[in-house]
Each structure stands twice: as structure tokens, then as C-alpha cells.
Amino acid sequence: MSFIRKGLFVIILFLISLNLFSEDFFKVKEKIVKESWKKISFLYLSPKLSIKNLGYSNNIYLMGKDSEPDWTADLGLQVVLSSIFLNRFIFQIDEFPYYSFYAKLKDERSFNNIFGFNIYSYVGFFNLKYQFEKKYVKQRPTKEFGRRVRQNLINHTLSLDFGTHDNFFLNFYIKQNEIKYINELYLDEYDLSDLLNHKEYWGGISLNKIIFSRTILCLNLDYFEQNFDYSKERNRIGKQVSIGIKFPEISSIRGSFQYGLRIYEPSNPLFENFTKPFGSGDISISLFRKLKINFNYIIDNIFSYWQMNSAYNQKSIGTGIEYYLSRKLKLGYKYKTNKLSFTDLYEGIEIREDNFNTNSIYIGIKVFKKMGIGIEYSRYRGDSTEPGFKRSYDFIGGYITHEF
């Protein structure tokens with residue numbers, strides 16, 4: 001970390017002496033000036049009220065054997081402060097505290113906070129971004145979890161672009177992620193800190209080409225390491241190659257997707273090397289101003305808390321449709337299916353499979369600019385080949401959105 005800080009300090013001193021142009025820096029600046037709620041002296045303020053999970057669930061733990069109903073709400077206020085310095089630097093602070101309320105189960109109540117700090121700058125065709133993020137949250141970190149657990153997450157990312165963002169540019173990045181769980185037994189049986197606490201180191205290069213209407217075609221090459229604090233036998237390195245497309249925010253097709261192959265090389269000689277596909281995507285298509293269709297997916301390989309020698313392949317696919325009855329009223333439906341295939345890392349064979357799906361219907365009402373409120377009903381059902389891991393819940397409640 002000290003090396004990154006020293007390097008960043010040297011780069012900043014060098015940038016101050018230059019006066020060159022970079023399109024990407026000015027796009028970030030333009031967005032801040034345009035979308036900020038208020039300017040106070042040299043600060044641009046952007047607050048957002050957050051209300052999630054406001055309603056009633058008949059099973060807050062999801063797991064069938066621990067069914068507990070309750071009224072819940074996640075209430076918070078996100079504040080983004082931005083400052084433009086010497087027309088050369090952009091500094092951003094993103095503070096998001098929120099409180100998870102449970103009416104009956106007081107032990108589930110929790111204070112959470114997400115803090116972020118970003119620096120943007122440029123030198124000619126070079127664009128620099130440093131991002132720091134710290135999360136203190138009680139959540140379900142992956143689809144394997146039913147109960148929420150406390151996590152401490154710290155991420156550092158340093159990214160450098162070279163080229164013109166209206167034609168062709170390269171991106172280089174390095175990243176460090178630290179994932180820690182509070183030392184408590186999950187389901188009175190699994191020591192999450194012993195099994196899952198680890199650091200990840202990532203580095204890579206991306207080749208980006210504008211193909212049409214500011215749509216970007218990407219070719220990505222990455223290298224990563226996962227080093228566990230206590231379960232050293234889980235340490236592994238990997239390489240991956242992927243292709244992706246990023247659509248512009250102003251078009252009728254928005255979002256991005258990525259798909260590729262990842263090679264895992266465990267440090268434990270008893271674990272087999274293996275290659276798996278991976279990817280993620282979230283695409284939204286607007287038709288005739290009244291109809292919006294969404295498609296999303298996740299393909300990944302993740303270490304499990306279930307057994308020391310197990311990891312699972314996740315395949316998640318979701319679809320959704322929204323219909324605008326008027327400019328201020330919309331109806332929507334969402335469906336998502338998930339499949340978790342657990343593998344024995346010694347023999348490379350499947351030892352368990354979980355399948356679950358979620359159906360949701362909702363209605364939304366626009367109250368201010370892009371801000372809307374609504375009510376939603378969700379039905380979640382899941383099954384497993386391993387006894388004791390069946391899941392279900394029904395939820396009805398309200399929400400607030402800033403992208404109506």
C-alpha cells in the first residue's frame with residue numbers, strides 16, 4: 001500500500017505542472033456539474049435517499065429450517081461530495097451510512113457504512129483514476145448464504161488509460177481487495193473467518209475500440225492471486241481472457257456484458273488445475289418509450305463455506321420487463337434463476353447442486369425527476385441435493401429508485 005501511495009504522490013506532482021487535454025476527464029467533470037444537486041463554494045453536493053427492503057418477509061433467514069417472519073427496512077442517505085481543483089484534478093468522497101431495521105428480531109438490527117474516495121486526473125492522452133472503498137456491512141455476500149453476516153471489505157484500485165476515448169484506448173489497472181468476516185460461527189457450525197478471510201491481487205490490460213455510436217468493444221487480459229489468512233490450502237493464482245461490450249448511457253440499449261475463460265492454478269498440490277468460463281452482464285433495452293426489457297447474468301467460481309475442499313460454479317440468469325402506463329406510472333415483472341454446482345477440489349467431481357428462483361412484480365410512481373417510489377412482491381423458492389439447504393421466502397414492501 002505504501003508503494004501505491006508514494007507512486008500516486010509522484011504522479012500528482014508531475015501532473016500539476018502540465019496543461020494538456022483529455023476527453024475522459026472532462027466528461028467526468030461535465031457529469032458532476034450537470035447532475036449535482038447543489039454547489040457550495042468549491043464543493044458539488046449530490047445526496048440520495050435510500051430505502052430498501054421496506055416491508056414484510058415471512059422468512060428473513062431464507063433457510064427453511066430457521067423460518068422467521070419480520071418487518072424490515074434498510075434506511076440510509078448517500079452523499080457524494082466532488083471538488084474540481086485547478087481544472088486538473090477531481091476529488092470525490094462518497095459516504096453512505098444506512099441502518100438495517102428489524103421490528104422483532106433485535107439481534108439482526110445493524111449499522112452499516114460504505115465509504116469511497118476517488119481521484120481523477122489526466123496528462124494528454126493519459127487518464128488516471130485512483131479509487132479507495134471501505135465497507136462495513138451486514139449482508140449476504142454470495143448466493144450461497146441465507147443469513148446475513150458481518151463483513152469488512154477494503155479495496156484499492158489504480159487505473160490508467162492511454163489513447164482517445166472516441167476511437168481506441170488501452171487501460172492498465174492494479175487492484176487489491178481485502179475480505180474479512182467477523183469471527184463468529186455461521187449457522188452455529190461454520191467458522192467464516194477461518195474459511196474465507198483472504199486478500200486478492202489483480203492486474204490487467206484492456207484493449208478498447210469504439211465500433212459504433214460510442215459503443216465500446218473490449219478485449220481483456222487479467223492475472224490474479226487469492227491468498228487466504230488461515231486456510232492456506234485454498235491459495236491459488238489464475239489467468240483469464242475475456243471479450244466484452246459497453247453500450248453508451250444515452251442510447252436505447254444500455255449496460256455492458258463480458259464473457260471469457262479463467263484458468264485456476266491452486267497452490268495446494270492435491271487440488272486439480274481447472275479452466276472455467278466466467279462473465280457477467282446487465283443489459284437494458286428501451287422500445288417505443290413505453291417498454292423496457294432487461295437481461296442479466298453471472299457466471300463465476302467461488303470458494304464455499306460448506307467444506308474446506310469445495311468451491312461452486314454459479315450460473316445466474318435474470319430477465320425483466322417494464323411497461324410505462326404513463327410518464328409517471330410503470331408496471332414491472334422480474335424473474336431470476338440461479339444454479340450453484342459444488343465441486344470436490346480433490347477429485348474435480350460434483351458433490352452438490354442448489355437451484356433457486358425468484359419471481360417479482362412491482363408498480364412504480366415517479367415523484368421527482370428520475371426519482372420514484374413503488375411497491376413490490378417477491379416469491380423465492382430453492383432446493384438442494386444436500387438435506388438442510390432448502391430455501392424459501394415471500395416478501396412484500398416498498399422501495400425507492402433514482403433511475404425511474
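Are any of the residues in the range 277-291 among the basic types (K, R) and more than 30 Å from F224 (Cα to Cα)?
Yes, the range 277-291 contains at least one residue that is among the basic types (K, R) and more than 30 Å from F224 (Cα to Cα).
Does S360 satisfy the criteria of being modelled with pLDDT of 95 or more, crowded, with 18+ Cβ neighbours inside 10 Å, of a type in the set (G, A, S) and touching a Ser or Thr at 6+ places or on another chain (Cβ under 7 Å)? Taking the combined requirement at face value, the residue does not satisfy it.
So for the range 330-342 (the condition being in contact with a Leu (Cβ under 9 Å, 6 or more places away or on another chain) and part of a strand (DSSP E or B)), does at least one residue qualify? Yes, that holds for at least one residue. In this structure, does K48 turn out to be under 21 Å from the mean Cα position of the chain (by Cα), open to solvent by 30 Å² or more (accessible area, probe 1.4 Å) and modelled with pLDDT under 95? Considered against the rule, which asks whether it is under 21 Å from the mean Cα position of the chain (by Cα), open to solvent by 30 Å² or more (accessible area, probe 1.4 Å) and modelled with pLDDT under 95, K48 comes out as yes. Among the residues in the range 138-153, are any open to solvent by less than 20 Å² (accessible area, probe 1.4 Å), over 23 Å from I298 (Cβ atoms) and either charged (D, E, K, R) or more than 22 Å from the chain's Cα centre (by Cα) (or both)? Checked against the condition, which is being open to solvent by less than 20 Å² (accessible area, probe 1.4 Å), over 23 Å from I298 (Cβ atoms) and either charged (D, E, K, R) or more than 22 Å from the chain's Cα centre (by Cα) (or both), the range 138-153 yields no hits at all.
Residues in the range 95-109 that are open to solvent by 50 Å² or more (accessible area, probe 1.4 Å) and either part of a strand (DSSP E or B) or in contact (Cβ under 8 Å) with a residue 40 or more places away in the chain (or both): E95, Y99, F101. Among the residues of the range 198-244, the ones that are part of a loop (DSSP other than H, G, I, E, B) and either open to solvent by 70 Å² or more (accessible area, probe 1.4 Å) or β-branched (V, I, T) (or both) come to 3 in all. Hey, could you check the range 387-404 for residues that are open to solvent by 30 Å² or more (accessible area, probe 1.4 Å) and assigned to a loop (DSSP other than H, G, I, E, B) and say which is nearest to L331 (Cα to Cα)? Among those that are open to solvent by 30 Å² or more (accessible area, probe 1.4 Å) and assigned to a loop (DSSP other than H, G, I, E, B), it is F404.
Being in contact with a Ser or Thr (Cβ under 7 Å, 6 or more places away or on another chain) and more than 15 Å from S206 (Cα to Cα): is that true of I263 here? Don't jump to the end; show me each part of the working.
Values: in contact with a Ser or Thr (Cβ under 7 Å, 6 or more places away or on another chain): yes; more than 15 Å from S206 (Cα to Cα): yes.
Yes, satisfied.
Specify the residue that is most open to solvent (accessible area, probe 1.4 Å); the eligible residues are those in the range 110-130 that are of a type outside the set (K, R) and free of Cβ contacts under 8 Å to residues at least 40 places away in the same chain. Ranking the candidates gives F111 first. The residues on offer are K138, K175, K143, and the sole one that is part of a loop (DSSP other than H, G, I, E, B) and in contact (Cβ under 8 Å) with a residue 24 or more places away in the chain is K143.
The values are calculated or read from the model by the stated rules, or taken from the named source; none is laboratory data. In this text the structure is predicted, and so the values were computed from the model without any measurement. Every residue, glycine as well, gets a Cβ built from its backbone with ideal geometry; the counts of neighbours run over all protein chains shown. Accessible surface is based on the protein model in full, side chains and every heavy atom, while ligands, DNA and RNA are left aside. Shrake-Rupley method; radii C 1.70, N 1.55, O 1.52, S 1.80 Å.
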